[in-house]
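Notes to accompany the following structure.
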Amino acid sequence: MQNKEIRLASRPAGVPTDENFQLVETEVPSIADGEVLLRSLYISVDPYLRGRMRESKSYVPPFQLGQVIESGVVSEVMESKSPDFKKGDVVSAYLGWRLYNVANARQLMRTIPGVSPPSTFLGALGMPGLTAYFGLLDIGKPKEGETVVVSGAAGAVGMTVCQIAKIKGCRVVGIAGSDEKSKYLRDELGVDATINYKTAGDMFAALKEACPNGVDVYFDNVGGAVSDAVLPVINDRARIVLCGQISIYNLDKVDVGLRPQTSLLVHSALMQGFIITKYTSRFAEGVGQLAQWFTSGQLKHVETVVEGFENTPQAFIGLFSGENLGKQVVKVG
Ligand code: NDP
């Protein structure tokens with residue numbers, strides 16, 4: 001069997017391009033005791049990987065040049081030297097962008113039999129779902145009847161936030177980058193109002209109209225000008241959940257916008273960032289609740305699938321122009 005892997009060839013300047021990645025053919029390694037050989041089924045591409053392509057250290061170390069890119073991968077066990085996994089098991093793990101990976105059995109998370117497609121474990125029942133769950137419920141603490149505004153609302157995390165906020169009885173306002181995405185949020189996920197930030201013009205006026213009772217929770221996936229527009233409409237004791245800042249990931253200079261301190265002070269509001277890995281000890285709780293909502297039909301996993309391992313870099317690059325509706329995955333084939 002021939003293996004293939006995708007490495008970081010050069011550090012992106014601005015929006016990543018194909019040239020930043022290198023496809024390399026390698027051998028399939030053999031496995032030792034306690035290890036399994038995995039065939040990749042679905043690869044997750046995520047905005048935070050852009051941060052790991054910079055040289056500077058963030059909350060995770062940067063990829064080295066020539067290093068295989070790593071992200072969430074759902075795989076099938078091909079061969080096992082672990083008593084815990086057998087050939088044919090479908091598992092999720094943090095692995096390299098490879099056709100075949102070798103992993104220690106301790107790295108693997110089982111998927112739930114019967115949940116289809118398996119890529120759900122990279123989306124609503126995976127890292128993005130957990131990010132939405134803990135970010136919204138632990139920090140946002142939405143109460144029934146409150147208004148929750150979500151930026152990046154038509155993406156993997158945002159869509160799950162919108163749905164959980166609806167389950168909790170909130171008025172949900174989604175901000176997304178196209179009319180098609182906005183329509184999907186309203187018609188398929190029951191979002192109460194949407195704003196297309198690319199065409200709205202006066203975002204402050206659009207938010208005032210969409211949030212007649214002000215904003216109690218703002219779940220921020222994008223940062224930048226979109227988030228600047230939300231601050232003036234927050235209510236007293238509002239909670240602002242800093243999940244992501246994708247609008248600035250490709251900038252080389254420091255981004256300077258509205259300073260939030262006065263709005264936070266005047267409204268006794270909370271603004272808190274978080275990184276999902278800090279919740280690892282509670283993942284079982286999160287997956288359990290998400291899976292229950294999923295199987296009862298209250299939570300949908302929505303995904304955009306790019307076919308073919310070689311197209312993984314393109315799928316990743318597409319995140320920065322909003323090509324995905326829901327979770328962007330690559331079906332390895
Ligand atoms: P998405 O599925 O939301 O994909 C990214 C989306 O961002 C695009 O579809 C696009 O949608 C939007 N976007 C891209 N560029 C811009 C821009 N310049 N301004 C506004 N919107 C933009 O990704 P995820 O759901 O995986 O992640 C969402 C956010 O959450 C990211 O910022 C990510 O880094 C963060 N995150 C944080 C975690 C944590 O632990 N704190 C964990 C996981 C994710 P559109 O068409 O609407 O523009």
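The values are calculated or read from the model by the stated rules, or taken from the named source; none is laboratory data. Predicted model only: the values in this text are computed from it and were never measured. Glycine also receives a Cβ, built like all others from the backbone with ideal geometry; neighbour counts cover every protein chain displayed. Side chains included, ligands, DNA and RNA excluded: accessible areas come from the protein's heavy atoms. Shrake-Rupley method; radii C 1.70, N 1.55, O 1.52, S 1.80 Å.
Below 8 Å between Cα atoms, with a sequence gap of 6+, how large is the relative contact order for the stretch 1-100 in percent?
On the way: 206 pairs, mean separation 33.4, N = 100.
So the answer I get is 33 percent.
How big is the antiparallel share of DSSP beta bridges in the chain, given as a percent to the nearest 5? The partial results should precede the final answer.
On the way: 33 of 60 bridges.
The antiparallel fraction comes to roughly 55 percent.
Give me the 1.4 Å probe accessible area per residue for the chain, excluding ligands and nucleic acids, in Å². Intermediate results must be reported in sequence, preceding the final value.
Details: 15030 Å² over 333 residues.
That works out to 45 Å² for each residue.
If you average the C-alpha positions of the stretch 195-247 and of the stretch 53-98 separately, how far apart do those two centres end up, in angstrom?
35 Å
Test of understanding: in a Gaussian network model of the chain with alpha carbons linked when under 10 Å, which of Val230, Val60, Val102 would top the mean-square fluctuation ranking?
Ranking Val230, Val60, Val102 by mean-square fluctuation puts Val60 first.
Over the chain, with a Gaussian network built from C-alpha contacts below 10 Å, which listed residue (Lys278, Lys86, Lys166) shows the highest mean-square fluctuation?
Evaluated over the chain, the most mobile residue of the options is Lys278.
Restricting everything to alpha-carbon atoms, can you work out Rg to Rh for the stretch 127-277 with a Kirkwood hydrodynamic radius? Walk me through the numbers before you get to the answer.
Values: Rg = 13.9 Å, Rh = 15.0 Å.
Rg divided by Rh gives 0.93.
Find out how many positive minus negative residues lie around Ser80, taking Lys and Arg as positive, Asp and Glu as negative, among other residues whose Cβ is under 10 Å from that of Ser80. Could you put the intermediate results ahead of the total?
Values: positive: Lys81, Lys86, Lys87; negative: Glu35, Glu79, Asp84, Asp89.
Residues near Ser80 contribute -1 overall.
What dipole magnitude, in Debye to the nearest 20, does the chain give about its Cα centre under +1 on Lys/Arg Cβ and -1 on Asp/Glu Cβ?
Values: 33 positive and 35 negative charges, 127 e Å.
Charge dipole of the chain: 620 debye, to the nearest 20.
In percent, how large is the relative contact order of the chain, given Cα pairs closer than 8 Å and 6 or more residues apart?
Numbers: 731 pairs, mean separation 58.2, N = 333.
Relative contact order here is 17 percent.
Can you tell me which of Met53, Met109, Met159 moves the most in a GNM of the chain? Springs connect C-alpha atoms under 10 Å apart.
Among Met53, Met109, Met159, the largest GNM mean-square fluctuation belongs to Met109.
Within the chain, which is the longest segment containing none of the GluC sites (Glu not before Pro) that sit in a DSSP loop and have at most 16 other Cβ atoms within 10 Å?
Working: sites that count: Glu55, Glu144, Glu323.
Answer - 145-322.
Do you know the relative contact order of the stretch 127-277, to the nearest whole percent, from alpha carbon pairs under 8 angstrom that are 6+ apart? Provide the component values of the computation, followed by the final result.
Working: 309 pairs, mean separation 33.8, N = 151.
Reported as a whole number, the value is 22 percent.
Given a Förster radius of 45 Å and the C-beta distance between Gln107 and Ser321 as r, what FRET efficiency does 1/(1 + (r/R0)^6) yield to the nearest 0.05? Show your work: numbers first, answer last.
On the way: r = 33 Å, r/R0 = 0.72.
Approximately 0.90, to the nearest 0.05.
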